[in-house]
Structures are given as C-alpha cells and as structure tokens.
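A.B. asks: Just dropping this structure here.
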Amino acid sequence: MLPNFQREFVWDSEKQKKLLSSFICQLPIGSLLILNGRKGDFSCRNLCYTGDPPDLTDECNYLLDGQQRLSSLSGFFSNLFGSIQDYENKHDNLYAALRNRWYIRLEPKEKEIDIFGWNSLKFTESNIFNYEPNDLVDFIGANKVYKNKKDQWWHPAFLPKDESGNPFSAAKRKEKIADEAARNGILPLWEFYEDPERGIHEVVLRKMGERRRHVIEATITDGQESYYNVLGHLDPDVEEKVSNNEDIEEIWMELRTNWKKEIITCIKNSFSLQEIPTISLPVDEVGRAVATFSAVNEGGTRLDPYDLIVARAAKSRQEKSLTTRIVELLKTDVGGLNAVFSRNVGSLPEGWSCESFGALAENVPTTAFKDIFLNALSIYNHCWLKQKSPKVEHIKIKGILDLDHNEINDNVEPCTLAIKRSLSFLCFRCGMRTVSDLNYKLMILPIIYCLFDENVFNDATKLDRIEYWFWLSLFSGRYREYQNEVCVEDVDRLKLFVSGGGPGFVSDEDRLLNYEGYSDSKTLLMEASEGIPGAIANGIMCYILSRQPRDFIINYRINSWEVDRNIERQVDEYVFKTELHDHHIMPLATEQRLYDSTSKLRADKENILNSPINRTYILSKTNNSLGPKTITEYLPKIQEAASFLHCIPAEDFSVRKEGEADKDYYKRFLSARFVKLKATIKEELENLKT
C-alpha cells in the first residue's frame, strides 16, 4: 500500500521509457523501502491510483520509497484499466501519466540494430546482454489511452463488431487486437505479468512470426538467401530435404516457435529473475517512517517542500491525505463573487472554477498552486493567527517546514479558501486566464493575506484598493528587485491600506510606466538594449483583457473567464467560439497582408512591432477575417467603443505621412498608443484608490 504522505505519481513517459529499457536489459533499478506495518498505521491508497482508500488486511506493507519505479513497472506489464465493464472508473482514478499501453517495437527500421532478431527470426535471451539501455530506448513506446476513443485497438474497451453489427466474442476480439499489433510490428506488454505464456503478446508473436516467415521464404525463392542459412541451425539436412521435396513446415514452425519463446522468456525473466533490493522496517519503527522516507529520498525522486508537508500532515492519521482534502476544496464553488465581479460587464459566469484557472491538473494540485499554498499556510500560522508581522524566513523552506502536523491540518481550509478568492480576483479583476499569467509569483501573497478575511472579499471598495495596488506594483516595477523583501513588506502594508490606514503606495506612482529599463517608453518601444521584461509584456496584455474590450468586429465583450473554455456564442449574425488570438495591431508593413507578415513578425524579437504596445486580444474568428486587410483598411471599421477599450490611438496615427520611413511610422503610432495606455491606467488607478 502507498501511504498518503507519498507524493503523486510524477514521472513522464520519457522517464518511464528509460526505466523500462534498463529493466529489460536486466540492469539494477535501485532499492525499495517498505514498512512492515499494520492496518491503520497510515491512511493509504493503492499504487498507481488516486481515489478511495482500499480494503486492508490486519498486516499491511507500506511502500515508503520506490513509488515512481513500481508504478511504472505496473503500467508496463499489467492491465491497470480493468475489464471492459469497469474501465471508466479505473481510468478516472489512474494517474494521467500512467494511462498508457506500453509496447516494444520488434521490427527495426532501416539502418537500426536488429535487437530482437526480427530479420532472421533468431533470438536468444542472452542476446539482450549485448546491448545497453540507450540501444533499446528507441524500440520502446506507449499508446495513450483516451477515455472515449474506444475505436483504437489498444483501448481497454475496444470492441469491434461483425458485418451484422454484433460485438466480437472475447476470442475474436483478442485476435483482432493481435492482428493490429502484428501489422504495426509492435509487441504489447500489458498482459505479461498476469499471463506471461498466454497473454495477448503470445498471439501477436505468433502472427508476427507467421508474417515474417513468408518474407524470409520469399528471399530464399529470389536467391537472396538459402534454406541452410535460415533453417540449418535447426536441421543441418534442410537443403537435402527441400531437394527431395520433403515437407519442411515443421522446421518453419520450430523457427517461429523458438523465436516467440525466447522473446517471451527474455521479457518474463526481466521481472521474474531480477531481485530488487528491499529495505524493510519493522512495525515498531513506524514513528521513524517519515524521517526515513525523507532520508532515502536522496537517491530517488527528490521531495519538494510540499511533499514533506504532506508527509508531516499524515502524522495525525487522518482518513484523507492533505492533497485529497485540498483537491476536494478546490473543486467546490468559490462563492460570494458579487464584489469581485462588481466592476465587470455582464452577469456572473457559471461554472468558473480554480481547476480551470490552473490550480488543478488531472485531479492533482499544480506546482504553481503548491508553491502558493505553502506560503499561504506559513504566513497564516506564523503571522495571521498570532497577529505578528511577517518575516522573509516565513516564506523560506525552513519557515514552512517549521509547521507541525496540527498547524498544517487545522488550517488547510482557511488557506485554500483564501487562495481560491485570490485566484478569482486575478481572473475577474486582473484579466488573467490562468495562474501562470502571474509573472511575479509572490504578488499573490499580500492579496491572500487580505482575503483571509471574508469581509474584505465581500467589500467591493476594499477590493478596488487591492486592484490599485496590483496594477501600480506591476507597472511601476515594485517587484522587479528584492521580491521576498517587498512581498513581506506588502503583506502588512496592503492590509493597512485596504482598511484605510498606513502610508499607502503614492511614492510608487511616479514610476507608473516610467521605470527605466522596465516599463518606460524607451523600453516598450524597443529602443533600450535590455529588451522588454516578460512581466510588463504580459501585464499589459492582462490589463487590456481586464477592461473586457469589445471585439474589433463582433459586438462581444472579450473576457478572461470564457476564453479558454472555448464556449460557442452567437451575436447578431455571427456564430463564434470564445477563443482569443494575440493580435498585432500594425502588421510588418502597412501595405503587406497580415498573413504574409505574421511568421516573420513573431520570429523577430527585436522588431518594434513585437512590442506589447502593438498587441491586443481579439476573437480568433475576427483575427482570421482580418487576414487579407492592411491596417489602413481595417482600423477605420473598428467600433469606437472597441478602440477606446483597446487603448488604440486616433485614426490619424495609423495613416502614413508622405515620405515617412517605416521606422518613424511605426514609432509614431506606437508612441501614441503608449501615451493613451498610460493615461488610461493612471485614470483608472485614481478611481480605484478613491
């Protein structure tokens, strides 16, 4: 059983592939650590799966180190999807990285080594010792199992039908799967452990051997080979028997059968003969389990602070793991969105969730969320509950790991709830599509600290002040340097400002889009040598999106919460999806078509037209329809309200003056947009502050 303080399965397919190549070459793959415990020592789960805890016997062995390797091996050689009847539940609970059907490609490509004796149907198990894992890795592959693609032959619910529409019997289904695998020259591995002698692989090898036999026989007929070279090792008199017209079918069968048996033996012995070194802890050392787990992890997949916090939380032996509780909390509605949505146009969206905002992926908290959670948990315990000012060490690993299991378990809910509120704030107030849009990750922490208080989240005026701080900090470069120190200062300072006290942030206002080398006009017009920082480039795009600008053509207010859900809408005669395109307002040359210039434009990172001052979001349908038009053709047709919300300067700036050089033309237009953008942001910040 896998204790719930173990991390999730995290190995990608490349790491799994390397393990399989080493395993088949019968090389050591490291040791395991097992605790010989009892039922109830730890809350736990089955290897490879999330979901409900399993039924346990009184004596229970807990795997403390080796999860990634054993889970991978189970995925290679076992059917983790169950039967046709129950595969859906199995699929949902199986870690996403394990939803594969693994195989070995036996048929070499041109100029590849013939590792498995495909060309001659001659192979012995000892052959594998002539190769290293790097030789084998390209012959290993995996077919991804998608839940609803049941027409793929490797799918666990694949069930072909005959001409009358009747489902194949189990035997005919197995033959059909084997036909497809043999036709592709690949050997399925997923039944090797349960039935090494009679699994689907045995049928595939038989069919592959038959197919290859006919090819080899044709080379003999064509004079490229001889019967003796092909079959002489089985019967030295084979040439004489052929001359006497004797039947040699049994010799051909022996060739195919031997090849099949040796392949099966080689793979079967990779897991039946190898002894994986195992360290076992007796039951009376259960108290040392977490410490031992942390120590042996040095040789395996390195733990991060989140894993250690999960391990520490498990000390209380709660029924559900820390991660399970977090996932359940993240999947519930945020609730109380009226204040955070109060500055937006339209009605409150239905179905918005932290999962869609990048906090969860395949039922597992994302790395971005984990980092946020750890910092929130630390300052909640060290500062919020004790009413003490935060220190930099509170957002360092040591400060986080100082928390005991009670401090962790007791405060999962308030911390997760404050994070959910903060993520909704970033989406609805700050134009962010996912949490990854936040370049300065620590900027969320002062927001979380304020939103530990539900009353702040329900007060639109207080949220306005948080939004003022957010845009001012981003566009003034407040977080460009000394981010830890600035974040810790802002945790207290923003809380005071939101409540109407403290010094506020007026001193930063002079640097609004005026921080040299970061957000000033010289930098954004690409006249500085440093280039445009990603935070300011992304921040400008998010700011425009936060204004819910009208699309250039369709009378639709673009927003951050519908874009990645790809919702179908209809406005007037237009039917469209809510997908957005990053649109260059001015193409590479005013007389050049947009489609002709896009690839060149995006590739040249030093071109002024790649500046965020020249970009905005519009609907993909609109972007496609504008393809054949130049800037002078489409800008006059944009609705006035759209130009205002996208901060596009007056039409006069888009018209080239007589004799005006390209560079001067571009700079004049984009300088005008910079001025308009800066004035718009400054005016909005004044409104937010007051």
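The values are calculated or read from the model by the stated rules, or taken from the named source; none is laboratory data. Treat the numbers as computed from the prediction; the structure is a model and nothing was measured. No Cβ is skipped: glycine too gets one built from the backbone with ideal geometry, and neighbour counts run over all protein chains shown. To get the accessible areas, we keep the full protein, side chains included, count just its heavy atoms, and leave off ligands, DNA and RNA. Shrake-Rupley method; radii C 1.70, N 1.55, O 1.52, S 1.80 Å.
A.B. asks: Could you grab me the full set of residues in region 185-240 that are small (Gly, Ala, Ser) and free of Cβ contacts under 8 Å to residues at least 24 places away in the same chain?
C.D. replies: Hits for region 185-240 are Gly199, Ala218, Gly223, Ser226, Gly232.
A.B. asks: Count, please, the residues in region 368-379 that happen to be open to solvent by 30 Å² or more (accessible area, probe 1.4 Å) and either free of Cβ contacts under 8 Å to residues at least 24 places away in the same chain or not charged (D, E, K, R) (or both).
C.D. replies: 1
A.B. asks: In region 192-210, which residues are buried (at least 17 other Cβ atoms within 10 Å of the Cβ) and either farther than 21 Å from Phe77 by Cβ or acidic (Asp, Glu) (or both)?
C.D. replies: Residues satisfying the conditions are Glu202, Gly209.
A.B. asks: Scan region 57-78 for residues that are open to solvent by 40 Å² or more (accessible area, probe 1.4 Å) and not in a helix (DSSP H, G or I) and jot them down.
C.D. replies: Once the filter is applied, which keeps residues that are open to solvent by 40 Å² or more (accessible area, probe 1.4 Å) and not in a helix (DSSP H, G or I), region 57-78 yields Thr57, Asp58, Glu59, Asn61.
A.B. asks: Could I ask something else about it? Out of Lys39, Lys18, report the one residue that is in contact with a Leu (Cβ under 7 Å, 6 or more places away or on another chain) and surrounded by fewer than 20 Cβ atoms within 10 Å (Cβ to Cβ).
C.D. replies: Criteria check complete, one pass: Lys39.
A.B. asks: List the pairs whose first member sits in region 79-95 and is among the hydrophobic types (A, V, I, L, M, F, W, C) and assigned to a loop (DSSP other than H, G, I, E, B), whose second member is loosely packed, with under 15 Cβ neighbours inside 10 Å and modelled with pLDDT of 90 or more, and whose Cβ atoms are under 8 Å apart, counting only residues at least 6 apart or on separate chains?
C.D. replies: From region 79-95, the pairs are Ile84/Leu159.
A.B. asks: Taking Cys415 as the residue in question, decide whether it is assigned to a loop (DSSP other than H, G, I, E, B) and at pLDDT 95 or above.
C.D. replies: no
A.B. asks: Okay, next question. Mind listing whichever residues of region 432-462 are open to solvent by 40 Å² or more (accessible area, probe 1.4 Å) and closer than 16 Å to Ala376 by Cα?
C.D. replies: Passing the criteria: Lys441, Asp453, Glu454.
A.B. asks: Shifting gears a bit: Looking at (1) in contact with a Lys or Arg (Cβ under 6 Å, 6 or more places away or on another chain); (2) in a loop (DSSP other than H, G, I, E, B); (3) under 19 Å from Tyr87 (Cα atoms), can you tell me which one Leu159 breaks?
C.D. replies: It is condition (1) that Leu159 fails.
A.B. asks: Output the residues belonging to region 656-677 that are open to solvent by less than 60 Å² (accessible area, probe 1.4 Å) and in a helix (DSSP H, G or I).
C.D. replies: Tyr665, Tyr666, Arg668, Phe669, Leu670, Ser671, Ala672, Arg673, Phe674, Leu677
A.B. asks: Also, I was wondering about something else. I'd like the residue in region 554-571 that is modelled with pLDDT under 90 and part of a loop (DSSP other than H, G, I, E, B) and, out of all such residues, is farthest from Arg433 (Cα to Cα).
C.D. replies: Going through the qualifying residues, I end up with Ile567.
A.B. asks: Could I ask something else about it? In the set Arg465, Arg421, Arg478, Arg429, which member is among the charged types (D, E, K, R), open to solvent by less than 10 Å² (accessible area, probe 1.4 Å) and farther than 24 Å from Leu308 by Cβ?
C.D. replies: From the options Arg465, Arg421, Arg478, Arg429, the qualifying one is Arg429.
A.B. asks: Still on this structure: Among the listed residues Lys241, Lys207, Lys176, which satisfies the condition of being in a helix (DSSP H, G or I), of a type in the set (Lys, Arg) and closer than 26 Å to Asn269 by Cα?
C.D. replies: Residue meeting the stated conditions: Lys207.
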